Amino acid sequence: MYDILTNIFGNQIVAYIIGAALPLFVWILPFVLFAVLGERKVSAHMQDRLGPMRVGYHGILQTVADLLKLLQKEDIVTPAADRKLFNLAPYIVFLGSYAAFAAIPFSSIYIGSGIEVGIFYILAVSSFVVVGILMGGWASDNKYSLLGAMRSAAQIVSYEIPTAIVVLTLVMLTGTLNLNTISQQQTAYFWNWNILGGAAGSGITQILLIPFMVIAFVILFISTLAEVNRTPFDIPEAESELVAGFHTEYSGMKFAMFFLSEYANMFAVSAIVVTLFFGGYQSPFGYLGNSLGIPWLIPVEQLFWFLAKGVFFVFVQMWLRWTLPRLRVDQLMTVCWKYLIPYAVFNLLIVGIISLL
Amino acid sequence: MNLYDIIFYLFAAITIISGFAVVSSKNIVHAAFNLLFTFFGVTGIYVLLGADFIAVVQVIVYIGGILILLLFGVMLTNKITSVDIKSGTLHVIPAVLGVGIFAGVLISLMYTTNWKTSVLSDPGNTTIYNLGKLLITDYVLIFELLGILLLVALIGAASIARREKD
Amino acid sequence: MMKPEEIFELLKQKFDDKIIGFENELPVDSYIVVNPLAIKEVSKFLRDNEQLKFDSLMCLSGVDDANEKKTKDEEGNEVIEKGTLSVYYHLHSIELGHKVNLKVSVSVDNPNVESVESIWRTADWHEREAYDMFGIVFLNHPDLRRILMPEDWEAGHPLRKDYKNPEFYNGMRVPY
Amino acid sequence: METKTLKTEELILNMGPQHPSTHGVLRLELELEGELIVNVKPHIGYLHRCFEKHAEAMTYPQVVPYTDRMDYLASMSNNLGYAIAVERLMGIKVPERVEYIRVIMAELQRIASHLVALGTYGVDIGAFTPFLYCFRDREKILSLFEMTCGARLLYNYIWVGGLSHDIHPDFVRLTKEFVEYFRPKIVELNELLSFNKIFIERTANIGILPLDTAINYGVTGPMLRASGLKWDLRKNDPYSIYDRFDFDIPVGEGEKGTVGDSWDRYFVRVQEMEQSLRIVEQAIDQIPEGNVHEAVPKRVKPPKGSIYSRVENPKGELGFFIISDGSVNPFRMKVRGPSFVNLSVLNEISKGHLVADLIAILGSTDIVLGEVDR
């Protein structure tokens, strides 16, 4: 991809900078605008109401209006807050969620960085989010914020473990950490997807694998859901207990940054799930470009399939949010340590044995 | 100076400046947060060295694990944030001696080491494969021992943290 | 099921002069008037006695009787006989289904009533309210603070009949 | 080196007066050990509007609108409680038609009030959708009230000796439609929230209120029934015409945890809505003809005396203690609000739980601060 950009701009550095900024402006910002509206509309229709209807046709421009409002808002910093850290925190959080996009393969020709440790890298940079949340929570000098930040950090750190174990399962099967390679392995039709045991090739092994891959998927989905603090795991910002958790004291654009990173995260974890289990950018039914003989259509189709799958899982996250109540903080830890981790380890062992067969 | 040089100096600067901020900061929470940038800079340098796996491990262990534990510890003891930390020198002569010896060792190491200055033949090559192989062949005993050690630590921590039933 | 009259007789036998009287001329409710410093004993008996078992205090209300009297003594000087504050207890037995009402009266100058908080925990907040609104002091109440009014309210006890609205509260003008 | 014993401090956290889950302006001073509750100290009075003092300056009919504003989610029931107290004091007997309409209104109001309680309880636990479902159904009840008396929240409908208006000709039909409409919605609510695994995990065995504590604290209403006592003033101390209807008193059975836990308190309310529907269904068919203003006295002037009269409000026993000195103004009026008493038990049942549980417990007590502070 960078070759193309270098050819266009004639300079490697410019190409890299543009390549790095591309997902932000081409996908994340539009996605967040769309997802915020989507969330409101999804929740509204689930709750027998219409949601925003005033700004634009059926409220399409509502998020834009909200963004403008947030931009104009006074930037409030409480006097007791630690100014430097308070101002820095939203950017660190956003950095964490944005950096993950570097290793996500959107299409066979569009992947920020094809590094070999791709999935491992994504798990690692999510730690920045934790540090940012702790920073924001501490710097606000508010007990609710601090409690929220503590809970959030404990939660994310805990749920990284089942995530990592499931990822390990997949890595063991596919033999690579590179997300692009994982996507390529699941090419052609949907029965090659990892959720259907595609990674094992074919035959009896593949069929044996299916239930365990489904378990792995469920564990990964639950734990990534917890990592991005979505209901039923939205304990750090549980509005009925902690007002708004770690971002209680934030307003205006800095609040918007937290918001941006939350929605960016939602898509990032969906992308991981899609890439690991649902064929990544591969089409489930073969490519139109192949049958029509137009090679350049294939990457575009891949982009479409990737975004479509990702958005579907974002929708599932919203769906869960508006259906389920919230767990309590200790129950959340119980779910993680007493259920998810043992199951994930057990699953890892079984998948290992099956793949050795 | 090519692109990699610029990036190297950038990361080096981040590491050194934030490292200095860690030791000179009066506020212990600020010091802890400055560690974030130090670790980040070191990660960048690892990447430039072609040690991609080590770089990611650096992030996941130091930023995701150690730094967060440190922050937890600092924040939970709420009185500690108001303590004025002394960063002045107490014993000048021993300090100078210690720093001098340490610096001498470092400099002599710098000059005696046979640095590999050739450009990596294939920058896309990854270290994971070789690392993994070494870990479960040559160093398998150490690897297993470490595993047991960590398990023991985990069990110990859990038994300390467990609430006694009244 | 016992009638209030029977309960009065029973109490009179048991406590003698601590039971002051029985007000029954009122059209609907009747009251057993009790000595304010004996109310706790009486309450405990009412709760624990097998025949009575008043396990529930429905309501505890302070009342300013507003019965101060102005009389002239022999020399023509005006003598003000201070009025009384009363506390009404409405008891009820869930198990036996009968009710009884108690009443104690204390003078405004020395409004001390024994607390029944340890008998029925309902009384905790109700007594605080009666203290807040009337200034009735409940002896041995563990936490007798103002409950509805601000803790630093200095203008007195609002539900007394002679209460005047303060002009200022903490230096702020009270509107109206 | 000298070693000091580590000293830990309890964290004091102020919850409220502005907090999303205190259901109004309630301040809870929490003493926490980590997130574990050591002590809860409720501070009330932020909404104190001097109802009792106001009442002393009003004539008896003028007090009715003030009763509306105590438990503003159950204004009809408050009206009814007050009207019954004054009627008992004066010895008025109201026409049959009035009695039936009153019962229907009070039961509809009970459903509406429980809907708010259940919906907001869902929000406390983190489920937002049931809240809107409950409010959607509550709107229908409010529309019935609006049709009857023109107001949706504060009705001033039940007067001493009668009602302010007769019901609308369509009222009977629409109420029947509502009953038909609402039955399946309770099932829906159960499926969505009551038997949700996470919801049960959050509420079962949380804030257990044993029966003897409940009685000693004077707790009433659904909270008392959830602790396992079949106690309902509509049956145990009947007023109005409740003795003519066939309905059950749901009690907490500890189905998901222990008797008297938050889930029981929640579920008793769900079951009570069904029972209220039954009463409405029976009453709506039997409304006799008559004049609702027949017994309204020209001048409300009760004889000298006093009364303590209580009714079963959605939240518990609402008692009016009225002392009359024979004039047109009450000499003293004391309200025993169920929320006031039910709130006082909070500290007792929330010790040793987590902050998140406190929200669940507070939500399950279903308080309305308008009534706590009066």
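The values are calculated or read from the model by the stated rules, or taken from the named source; none is laboratory data. Here the structure is a predicted model, which is why all the values come from computation and not from measurement. Quick reminder, even Gly has a Cβ in these numbers, built from the backbone with ideal geometry, and neighbours come from all protein chains shown. The area values use the complete protein model at the heavy-atom level, side chains included, leaving out ligands, DNA and RNA. Shrake-Rupley method; radii C 1.70, N 1.55, O 1.52, S 1.80 Å.
Note on the range D:230-252 and the range D:144-162: Cα centroid distance 24 Å, given to the nearest whole angstrom.
Diffusion coefficient of chain C by Stokes-Einstein, Kirkwood radius over Cα pairs, 37 °C, 0.692 mPa s: 186 µm²/s. Considering only C-alpha atoms, what is the centroid distance from the range D:270-320 to the range A:269-299, in Å? A separation of 68 Å, based on Cα centres.
Legend: residues D:Cys50, C:Cys59, sorted from most to least accessible area (1.4 Å probe; ligands, DNA and RNA excluded), read D:Cys50, C:Cys59.
When the trypsin sites (Lys or Arg not before Pro) in the range D:201-235 are filtered for DSSP coil states and for at most 12 other beta-carbon atoms within 10 Å of their beta-carbon, the remaining sites are D:Lys230.
For the range A:1-72, the solvent-accessible area of protein heavy atoms averages 60 Å² per residue (probe radius 1.4 Å; ligands and nucleic acids excluded).
When shorter helices are ignored and each DSSP H run of at least 4 residues is given -39500 (n - 2.57), the per-residue value for chain A at 222 nm works out to -21500 deg cm²/dmol.
Surface composition of the range A:82-356: carbon and sulfur atoms hold 75% of the protein heavy-atom accessible area at a 1.4 Å probe. Between helix D:355-365 and chain D there is an angle of about 20 degrees, using the helix long axis and the longest principal axis of the Cα atoms. Using a Gaussian network model of chain C in which every pair of alpha carbons under 10 angstrom is joined by a spring, one finds that among C:Glu78, C:Glu151, C:Glu114 the greatest mean-square fluctuation is at C:Glu78. For the residues D:Gly254, D:Gly316, D:Gly290, a GNM of chain D with alpha-carbon springs under 10 Å puts the largest fluctuation on D:Gly290. A Förster radius of 25 Å, combined with the Cβ-Cβ distance separating B:Met110 from B:Asn2, puts the computed FRET efficiency at roughly 0.60. Here the calculated FRET efficiency for A:Phe25 and B:Leu150, from their Cβ-Cβ distance with R0 = 45 Å, stands at 0.55, rounded to the nearest 0.05.
In the range C:1-50, the residues whose accessible area drops by at least 10 square angstrom when the other protein chains are added to the isolated chain are C:Leu26, C:Pro27, C:Val28, C:Asp29, C:Tyr31; the probe is 1.4 Å and only protein heavy atoms count. Considering helices alone, the calculated mean residue ellipticity of chain D at 222 nm is -14500 deg cm²/dmol, with DSSP H runs of length four and up weighted by -39500 (n - 2.57) and normalised per residue.
Mind checking which lysines have their Cα closer than 21 Å to the Cα of A:Lys73? Skip sequence neighbours fewer than 8 apart in that chain. Partners within reach: A:Lys84, A:Lys254. Mean partner shielding of peptide D:223-230, defined as the number of other chain Cβ atoms within 10 Å of each residue Cβ, is 0. Expressed as a whole percent, the accessible surface of the range D:11-96 that belongs to carbon and sulfur atoms is 57, based on a 1.4 Å probe. Of all the C-alpha pairs in the range D:102-187, what % are more than 17 Å from each other? Result: 49 percent of Cα pairs exceed 17 Å. When D and A come together, around 2400 square angstrom of accessible surface is lost from both chains combined, probe 1.4 Å.
Per residue, the accessible area of the range A:216-321 comes to 30 Å², computed with a 1.4 Å probe over protein heavy atoms only. Helix D:129-149 and the longest principal axis of the C-alpha atoms of chain D enclose an angle of approximately 20°. Buried accessible surface for the A/B chain pair comes to about 2300 Å², total over both chains, computed with a 1.4 Å probe. Let me know the shape class of the range C:130-176, please: from the alpha-carbon gyration tensor, a ≥ b ≥ c as square roots of the eigenvalues, rounded when a/c is under 1.5, otherwise prolate if a/b is greater than b/c, or oblate. Oblate, since a/c reaches 1.5 and b/c is not below a/b. Among the protein heavy atoms of the range D:221-374, carbon and sulfur supply 42% of the accessible surface, probe 1.4 Å, non-protein parts ignored. Any lysines with Cα under 16 Å of the C:Lys72 Cα? List them, leaving off those in the same chain fewer than 8 positions away. Excluding near neighbours in sequence, the set is C:Lys82. Annotation: average projected area of the protein assembly as shown is 58.5 square nanometres, based on the convex hull of Cα atoms across all directions.
Beyond 18 Å, what share of the Cα-Cα pairs of the range A:1-72 is found? Please give it as a whole percent. When all Cα pairs of the range A:1-72 are counted, 55 percent exceed 18 Å.
Look at the Cα gyration tensor of the range B:1-86: its axes a ≥ b ≥ c give a/c of at least 1.5 with a/b at or below b/c, and that counts as oblate. Surface exposure of the range D:61-182, expressed per residue as accessible area with a 1.4 Å probe, stands at 28 Å².
Report the gain in length on full extension from C:Asn24 to C:Asn77: 0.36 nm times residue separation, minus Cα-Cα distance, nm rounded to one decimal. Working it through step by step, the gained length comes to 15.5 nm.
When the other protein chains are added to the chain by itself, burial of at least 30 square angstrom of heavy-atom accessible area (probe 1.4 Å, ligands and nucleic acids ignored) affects these residues of the range D:332-374: D:Arg332, D:Lys334, D:Arg336, D:Phe340, D:Ser344, D:Leu354, D:Ala356.
Expressed per residue, the C-alpha convex hull volume of chain A stands at 152 Å³.
Between the range A:114-161 and the range B:133-149, the C-alpha centres lie 30 angstrom from each other. Summarised in one figure, the compactness ratio Rg/Rh of chain D, Cα atoms and Kirkwood Rh, is 1.00. Measure up D:Lys197/D:Lys256; C:Lys161/D:Lys334; C:Lys53/D:Lys304; C:Lys44/D:Lys351; C:Lys18/D:Lys304; D:Lys197/D:Lys315 against 20 Å on the Cα-Cα distance and list the ones that go over. In this structure, C:Lys53/D:Lys304; C:Lys44/D:Lys351; C:Lys18/D:Lys304; D:Lys197/D:Lys315 exceed 20 Å between Cα atoms. For D:Lys304, the residues 5 or more places off, or on other chains, whose built amide H falls under 5 Å of its own are D:Gly326.
Straight-line reach from C:Lys3: which aspartates and glutamates have Cα under 17 Å away, leaving out those fewer than 8 places along the same chain? Here the aspartates and glutamates satisfying the reach criterion relative to C:Lys3 are C:Glu23, C:Glu25, C:Asp29, C:Glu50, C:Asp55, C:Glu95, D:Asp237. Interface residues of the range D:128-152, defined as those losing at least 10 Å² of solvent-accessible heavy-atom surface relative to the isolated chain (probe radius 1.4 Å), are listed as D:Phe128, D:Thr129, D:Leu132, D:Tyr133, D:Arg136.
Shape class of the range D:176-245 from the Cα gyration tensor (axes a ≥ b ≥ c, square roots of the eigenvalues): oblate, since a/c reaches 1.5 or more and a/b does not exceed b/c. Of the residues C:Lys18, C:Lys72, B:Lys133, the one with the largest accessible area comes first in the ranking C:Lys72, B:Lys133, C:Lys18, computed with a 1.4 Å probe on protein heavy atoms. Placing D:Leu369, D:Leu211 in order of accessible area, with the largest value first and a 1.4 Å probe, yields D:Leu211, D:Leu369. Angle check, please: helix C:123-134 long axis (alpha carbons) against the longest principal axis of chain C (alpha carbons), in degrees 0 to 90, nearest 10. That works out to roughly 30 degrees.
With each label modelled as a point 7 angstrom along the Cα→C-beta vector, the A:Lys73-A:Asp141 pair spans 2.1 nm.
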